[in-house]
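Notes to accompany the following structure.
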Amino acid sequence: MEFFCYHRDRPGSLPLRRELGEAHWSYMDRYAERLIARGPTFADDGETPTGSVHIVDLPDPAAARAFAFDEPNQQAGVYRDVLLRRWHNVLGRTMWDFPGGRTGGERHLVLGFGTGRAPELDVPAAGRDELDELIAYGPLTSDDGSLWLGTAALVRAPDRAAARAVLPPDGYAVVEVHPWEFGGRR
């Protein structure tokens with residue numbers, strides 16, 4: 001089962017985040033083989049972290065909750081909240097398989113939230129530019145997968161508006177776009 005986890009930073013927690021850097025890396029190293037994507041989100045300055053994305057394949061919702069809430073930054077109060085949802089890897093690949101590589105161009109996390117009937121979530125037709133720019137893409141659902149709650153995408157795009165365009169214009173109550181970069185040990 002795949003899960004999307006987005007820890008949002010608590011304002012003023014950057015010094016604590018820096019202090020716990022190695023503890024965070026060591027914790028994530030334990031899940032290296034299970035990670036589909038990972039990386040920090042940033043404020044508009046491109047420097048100040050605002051959160052941490054992890055898409056991970058785990059056996060069940062209990063294991064996903066343990067992953068999200070046992071993380072050292074979470075335990076120490078770096079994060080103000082956690083979005084944890086079951087997710088489906090529509091692209092069937094990890095971020096390391098993204099043909100565009102780790103660098104070049106702006107990267108974004110796009111979160112669309114809604115309820116009811118999901119908008120069209122098919123992968124764009126092969127050969128279209130949008131497909132080449134998708135790093136990760138899939139629906140957010142309830143733990144049992146029966147309720148659609150939104151969509152999460154990691155995308156390379158020249159700006160926020162282009163990143164937002166990866167989701168259909170209708171069908172979402174709220175859409176968030178955050179600057180994001182490939183994660184992992186530097």
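All of the numbers you see were taken from the coordinates with simple rules; none came from a lab. All values reported here derive from a predicted model rather than from experimental measurement. Neighbour counts are summed over all protein chains in view; Cβ atoms, including those assigned to glycine, are modelled from backbone coordinates with ideal geometry.
Figures for the structure shown
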item: Amide proton proximity set for I36, modelled H, under 5 Å, gap of 5+; result: I55, V56, D57
item: Cut-off 13 Å (backbone N to label point 7 Å along Cα→Cβ of R18), residues of the stretch 62-83; result: none
item: Cα centre as origin, Lys/Arg/Asp/Glu Cβ charges: the stretch 2-87 dipole, Debye; result: 240 debye
item: Among L83, S13, F182 the positive-end extreme of the charge dipole of the chain (Cβ point charges); result: S13
item: The stretch 2-87 - convex hull of alpha carbons, volume per residue in Å³; result: 87 Å³
item: Charge context of P72, other residues only, Cβ under 13 angstrom, K/R +1, D/E -1; result: -2
item: Packing-based order for 142-152, 47-57, 10-20, using average beta carbon neighbours within 10 Å, highest first; result: 47-57, 142-152, 10-20
item: Over the chain, relative contact order from alpha-carbon pairs under 8 Å, at least 6 apart, %; result: 27 percent
item: 5 angstrom amide H check on G51, placed H, neighbours 5+ away; result: D9, T41
item: Modelled FRET efficiency - R0 22 Å, Q75 with T48, Cβ distances, 0.05 increments; result: 0.50
item: Cα lying deepest toward the dipole's positive end in the stretch 2-87, options A62, F4, L35, charges on Cβ; result: A62
item: Rg ratio (alpha-carbon, reference 2.2 N^0.38 Å) - the chain; result: 0.97
item: Label zone at R185 (point 7 Å along Cα-to-Cβ), backbone N below 11 Å, the stretch 30-51; result: 30
item: Cα-based helix-to-principal-axis angle, 61-70 vs the chain, degrees rounded to 10; result: 50 degrees
